[in-house]
Amino acid sequence: MQSLLIVGYGNLARSILKGIEPNTYEIFVLGRDFEKSQKFAQDFPLHSITPVENIQELKEAKPIILLCIKPKGLQTFSCDFPLTLVYSVMAGVGVESIIKQFPNALAYIRAMPNIGALVKKSATALYAYAPQNSSIQEAKEHALALSLAFGNAVWVESEELIDSSIATSGSSPAFLCLVAQALIDAGVREGLNATQSSMLVKATFEGFAELLKTLNPQEIKTLVTSPAGTTAEGLAYLEERGFKGILEQGAHRSTLKAKGKI
Ligand SMILES: NC(=O)c1ccc[n+]([C@@H]2O[C@H](COP(=O)([O-])OP(=O)(O)OC[C@H]3O[C@@H](n4cnc5c(N)ncnc54)[C@H](OP(=O)(O)O)[C@@H]3O)[C@@H](O)[C@H]2O)c1
C-alpha cells in the first residue's frame, strides 16, 4: 500500500484526513511536537495512523508527503531520500522552496484549498510540477484523489495561477460573508427579526449554490429580474455605485498581497 506522511496536524490536515477512506494509504504523521502527532493519530482510530518522530523512519517507503504546516515551519522538515510526491497546501510557498527541502520527489503539487475543506466542500486550485515530465500523469492522479477527498479541484497551468485562485476561492468566502451579513442587516432594517432574517439569507445561499450547479450567474440573475421590476431597481442602484467593480478590486488586492506585490 502507498505510504502517506502527513506533516502537520492542524485544521487542514484534519479536514483532509476526514475525507480519506481508511485503508487507502498506510498513514504516518509527523510534526514538531510528538505528543500532538500522537493525539492526531488517536483522533482517527479507523485510519491506524503511526506517529513518527523523525522523517528518516520513512526512508524505505517512497512516501507521498502531504505538507500541512504553516509556511514558516517548512525549514523544520527535509529529507533527501526518494519520494513519490510532495503535496503542499502552504499558501505563498513556491515549488522552488519545496524542492530545496525535498530534492528527490518524482513530482511536486501546490494546492490552494479553501475553508470549504472543513465540510468536504473545498474549492481547490492545483498545480503540478515534475522534474522529469514522464512522472507527471501519475502524480496528478495521486494529487487529484487526495484533493477530491475534501472537496472539488481545478488544475491550473502555471504556479502563478495558484495565487490567482485567492480571488476566486481562497479569500472569496470572506467576501461572501460581507454580502451575507449585509443582507441579514437589510432584512432587520426592513422589519424582520434577526433570526428570521438570518434563516432566510442562509436558505438563499443554499438555494443559490444548488442553482449554480446547472446555471451560470447571469442566467440566475435573469430568472430573478423582471423588466422594470423590484430586483432591477436594486441592481441598478448597486451597479451605479460600483458594487461589482469594488468586489473585483477587493479580490485583486488579496491576490496582489498573496503575490507579495503590496
Ligand atoms: N485552513 C485553510 O482553509 C487553508 C487554506 C489554504 C491554505 N492553507 C494552508 O494550510 C497550512 C495549514 O493551515 P491550517 O489551517 O491547518 O493551520 P493550523 O491549524 O494552525 O495548523 C498549522 C500546522 O503547522 C504547524 N506549524 C506551525 N508553525 C510551525 C513551525 N514553525 N514549525 C513547524 N510546524 C509548524 C503546526 O504545528 P504546531 O501545533 O506544533 O505549531 C500545525 O501542525 C498553512 O500553510 C496555510 O497556509 C490553509
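The values are calculated or read from the model by the stated rules, or taken from the named source; none is laboratory data. The structure displayed is predicted, hence computed values, not measured ones. Neighbour counts run over all protein chains shown; Cβ positions are idealised from the backbone, glycine included.
A few points about this structure:
- Within segment 228-262, tally of residues that are hydroxyl-bearing (Ser, Thr, Tyr) and either under 28 Å from the mean Cα position of the chain (by Cα) or modelled with pLDDT under 95 (or both): 2
- Only residues that are more than 31 Å from the chain's Cα centre (by Cα) and in a loop (DSSP other than H, G, I, E, B) were counted in segment 190-227, giving 7.
- Checked against (1) in a helix (DSSP H, G or I); (2) surrounded by fewer than 19 Cβ atoms within 10 Å (Cβ to Cβ); (3) within 25 Å of the chain's Cα centre (by Cα); (4) more than 10 Å from the ligand (Cβ to nearest atom), LYS36 meets all criteria but (4).
- Candidates are the residues of segment 1-11 that are surrounded by fewer than 23 Cβ atoms within 10 Å (Cβ to Cβ) and within 11 Å of the ligand (Cβ to nearest atom); the one that is nearest to PRO71 (Cα to Cα) is GLY10.
Let's see how each residue does on (1) among the small types (Gly, Ala, Ser); (2) at pLDDT below 95; (3) more than 10 Å from the ligand (Cβ to nearest atom):
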residue	(1), (2), (3)
GLN42	no, no, yes
LEU46	no, no, yes
THR50	no, no, yes
LEU58	no, no, yes
LYS62	no, no, yes
CYS68	no, no, no
LEU74	no, no, no
VAL86	no, no, yes
GLY92	yes, yes, no
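- The number of residues in segment 97-128 that are among the small types (Gly, Ala, Ser) and within 11 Å of the ligand (Cβ to nearest atom) comes to 6.
- Taking first residues from segment 49-66 that are farther than 13 Å from PRO82 by Cα and partners that are among the polar types (S, T, N, Q) and not in a loop (DSSP other than H, G, I, E, B), the Cβ contacts under 7 Å between residues at least 6 apart in sequence or on separate chains come to PRO51/SER37; PRO51/GLN38.
- For segment 3-24, the set of residues classified as at pLDDT 95 or above and closer than 18 Å to THR84 by Cβ consists of SER3, LEU4, LEU5, ILE6, VAL7, listed by residue number.
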